[in-house]
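Read the figures in this text as sums done on the coordinates, not as results from a lab. Treat the numbers as computed from the prediction; the structure is a model and nothing was measured. Quick reminder, even Gly has a Cβ in these numbers, built from the backbone with ideal geometry, and neighbours come from all protein chains shown.
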Amino acid sequence: MRFFLFALLLLPALAHANEEADFLAARDAFRAGNKIKLEQLAEKLTRSPMEPYVTYYRLRLNLTTTDPSDIQAFLARPADTPVIDKLRSEWLKQLGKTQQWNTFLAEFPRLLTPEVELTCYALQARAQVQPTQAQADEVLREVRPLWLVGREQPQSCTPLFEAALSRNLITEQEVWQRLRLALESGNVSLAKRLSTQLPAHLQIAPATLESVASNPERYLERAELDQPNEVQRLAAQFAVLRLAKQSPPLAYSRWQGIADHFPEDERAYISGWLAYEAAMKLDTRALEWYRAAGNAPLNDVQREWRVRAALRAKNWREVGNSIALLSPTQQQEAPWRYWKGRALKEQGKAVEANKLFIDLAREFNFYGQMAREELGTVIATDSKSESFKPGKAELDAVGKLPGIQRALLLYRLDMRTEAAREWSLTLRSLNDRQLITAAEIARRNEMYDRAISAADRTQVQHDFNLRYLAPYREELRGHLQDNGLEEAWVYGLMRQESRFVTQAKSTVGAAGLMQIMPATAKWVAKKLGLKSYKEALIHQMETNLKLGTYYMKTVLDWFDGSPVLASAAYNAGPGRARRWRGDVPLEGAIYAETIPFNETRDYVKKVMSNTVYYAEQFGQPGASLKQRMGVIAPKSAANQTPIPDEK
């Protein structure tokens, strides 16, 4: 099979196997800390496209002893490879630890991807170089957003927090506020430490926090809350929040027994959390509890789930009102613009709705497709229209870019993570034509995931045949026929699962083009009577396609031919997909929008969107996206066949 032929033409400097071997040996010497061997190999690779990596290896091994001017010379290069910013980040951490603030401040602004650890070092540096305490205090005030989170922060933030606390720039109320945020996120260890920073009468005993965390229901049963003080109220609220994650109705019942002993703002606060947990569990009482929360401040996620609860209830007025409560940033996101349009349309305000749909229809995503269908227009992929096709000159020009060359080689050497970073950084500076050209180079080199990533970025000029690549059609054809599956849906799922990377493997063990879980593969192999099956075969393309398509057909049959439910089941497990049905029929788009798992919610929408594009590309447009989403039958009408709950 032809593989990376085009890459070989682009990489004369590394055309010989011994040069590639030298680079791999340099990488291994770096990993082993073998400075002498690395220096020897570096001399042989000075003219290699991979020279920046070898130089990075050399500098990184000697970061604390190398002359700073050598490091600065490397960092002064054009930032066309991620290893430059990687070294910059690592050197800045070293400078921060050793408090070399002037050098730190000179280099920090050039960092492409700041992280919290370095942001805190930057604030430390700025505070240290201020000429007066008043100016240093102004810098310390900037630490407040980093303080007001319910998670741990890097050690580099600790001196800032301590300084701000000592100067009362972080107040007692803000310590209490962060303590509450820590409890909301279930971070008991952080809550314990924060409690010690409060006056004695406001401290919560560590044993109390442990008791609540381990058994919140028992704590609420035993707690004396007739006249609770501030600390007792907070502990009880933590218990209710903890219990609500397990069972919102049970938490609500326990809360009703003690709520009268709490002030109105705290009752509203708890109602907001009960509502959120209920909405996440698709409990029909969620809206009632959201209303009980009144004007209690809600975070972004709580507000989004208020909209979803209204969607499940088909309460379009409430959908519109809840979207109006979202932050300005949230309101500009595609989901909420679409559902606002739907709410307006359902309330007879078609003109206002269409204004939203017209704007949204310009976007090539699930909501853009749905908006176009609301306007009555067919999907336009430009897949059959005249579009830019790169010629030899364009291919040569983009192919000579150092980042493209490095990415191609790194893929060839199976250094896929590094290759993806090189590719992504290079794409940032390309225009539409160059992106399409880069996608074509990747396609010719069978780097299908990188081809899609490049084609997906175009803003005005598009090539949907590259965005929706369809490799392996011949290998797949027989399996489609055997299982009676629609080709477009299978490709829509594979594009989302693996981006057509045959070696793809997820963090949980799913493998291959179809991203089959080992346990599922074993179950399917038994169903198919594959007596010689062993787990290693899951990575073999023919076996992977055979098992994956059979499982797709199985879940499709379990869910009465609904590709929405089958897609949800493929990602999150059939049992969950079944439990997420409503008590009444649900529009397929509402079912998808209210899936409690972020990954699966995004997955289902993308698979179904992909399917429509592939159907158009294959000349089989058939149903619209809304028709494909269909109506999801209620739980009472569900097929009750016992099904396994793992993908």
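The convex hull drawn around the Cα atoms of region 473-637, when projected onto a plane and averaged over every direction, covers 9.3 nm².
Applying a DSSP loop filter and a limit of 14 other Cβ atoms within 10 Å to the trypsin sites (Lys or Arg not before Pro) in region 481-578 leaves K531, K534.
For region 200-367, a simple Cβ point-charge model (Lys and Arg +1, Asp and Glu -1, everything else neutral) yields a dipole of about 860 debye relative to the Cα centre.
For I170, the amide hydrogen comes within under 5 Å of the amide hydrogens of L165, counting only partners 5 or more places away or on other chains and with H modelled in the peptide plane.
Computed over region 200-367, the range of Cα coordinates on each principal axis works out to 58, 26, 24 Å, biggest value leading.
Treating only the Cα positions of the chain as identical point scatterers, give the base-10 log of I(q)/I(0) from the Debye formula at each q in 0.06 Å⁻¹. One equal scatterer on each Cα of the chain leads to -0.44. Got a sec? Charge dipole of region 473-637, +1 on Cβ for Lys and Arg, -1 for Asp and Glu; which of G622, L476, N571 is way out at the positive end? Of G622, L476, N571, it is N571. Exposed loop sites are taken as GluC sites (Glu not before Pro) in a DSSP loop (any state but H, G, I, E or B) with at most 14 other beta carbon atoms within 10 Å; the longest stretch of the chain without one runs 387-645.
Running Debye on region 286-443 with equal point scatterers at the Cα sites and no solvent, what base-10 log of I(q)/I(0) appears at q = 0.11, 0.19 Å⁻¹? Normalising to I(0) and taking log10 leaves -0.68, -1.04. The residues packed around L92, meaning those with a beta-carbon under 15 Å from its beta-carbon, carry a net charge of +2 if Lys and Arg are +1 and Asp and Glu are -1. Dipole check for the chain: with +1 at the C-beta of Lys and Arg, -1 at the C-beta of Asp and Glu, and the Cα centre as origin, the magnitude is about 1000 Debye. Amide H contacts of I632: L586, E587, G588, each under 5 Å away and 5 or more positions distant or on a separate chain (H built 1.01 Å from N in the peptide plane; Pro and chain starts excluded). Across region 130-226, Cα-Cα pairs farther apart than 15 Å form 65% of the total.
Mean sequence separation of contacting Cα pairs (under 8 Å, at least six apart), scaled by the length of region 84-146, corresponds to a relative contact order of 30 percent. Of the trypsin sites (Lys or Arg not before Pro) found in region 109-183, those that fall in a DSSP loop while having at most 11 other beta-carbon atoms within 10 Å are R151.
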